[in-house]
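Let me begin by presenting the structure, written as structure tokens, before commenting on it.
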Amino acid sequence: MTQEEMIQAMAGGDREAFRQFYQETARPVYSFILSLTKSPYEAEDLMQETYLCVWTKAGSYVPLGKPLAWVFTIARNLCYMRFREQKMVSNVALEDLEGKEEGAYCESLEQAADRKVLLDALGKISEEERQIVLLHTAAGMKHREVAQTLEMPLATVLSKYNRSMKKLQNILKYPGI
């Protein structure tokens, strides 16, 4: 079943088509959202909202392009709505955190620190570069698939990917840059 056929089946309430569509598209969609939010928690939350919209709006899908591009559009719009909401909330001051810090080693905190360093590095490259890198490395898409998804020539995706990886290597090597 093609992705378009899955969406049509979802419009009729077919949960199995939704499950199959989710399995085929979840990795690139998550990577795309992560490239915009730079937060794994936000990305997970927005991914749920995205697929809820896909399920509820499947009946209004018009097959003009690729179904994944339609999902990316939904995800991008939800991300931008979230950014606007956060901008309004960010004016509220947060209270100081109280309590003593423990000096014990915590592996999950160490992993979180590594993730933070990587996300900070990804934040120092352009949005387009971040999308290309994450779709290829995190989502496991082939460069040709990334090119099709982002509607770019393959040569452009390859060159931007290579330049982005060199930038990231330099950023991670010399974090102060």
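Bear in mind that the values in this text are calculations on the coordinates, not laboratory data. Keep in mind that this is a model prediction, so the values were computed, not measured. Quick reminder, even Gly has a Cβ in these numbers, built from the backbone with ideal geometry, and neighbours come from all protein chains shown.
Counting pairs of alpha carbon atoms under 8 Å apart in space and at least six apart in sequence, what relative contact order in percent does segment 3-88 give? It would help to have the intermediate numbers written out before the result.
Working: 64 pairs, mean separation 30.7, N = 86.
RCO, segment 3-88: 36 percent.
If you put +1 on each Lys and Arg Cβ and -1 on each Asp and Glu Cβ, how big is the dipole of segment 108-173 around its Cα centre, in Debye rounded to 20? Working shown, then result.
On the way: 11 positive and 8 negative charges, 52 e Å.
Computed charge dipole of segment 108-173: roughly 260 debye.
How far, in nm, would the chain grow between MET165 and TYR22 when pulled straight, counting 0.36 nm per residue and subtracting the alpha carbon separation? Please report the intermediate quantities before stating the final value.
Values: separation 143, 0.36 × 143 = 51.48 nm, distance 2.87 nm.
Result for the pair: 48.6 nm of gain on full extension.
Gain in length, GLN148 to ASP120, computed as 0.36 nm per residue apart minus the alpha-carbon separation, to one decimal in nm? All intermediate terms of the calculation are to be shown ahead of the outcome.
Values: separation 28, 0.36 × 28 = 10.08 nm, distance 2.73 nm.
Extra length available between GLN148 and ASP120 comes to 7.3 nm.
Just the C-alpha atoms of segment 3-88: what Rg/Rh do they give, with Rh taken as the Kirkwood radius?
Numbers: Rg = 12.8 Å, Rh = 13.0 Å.
In segment 3-88, Rg relative to Rh is 0.98.
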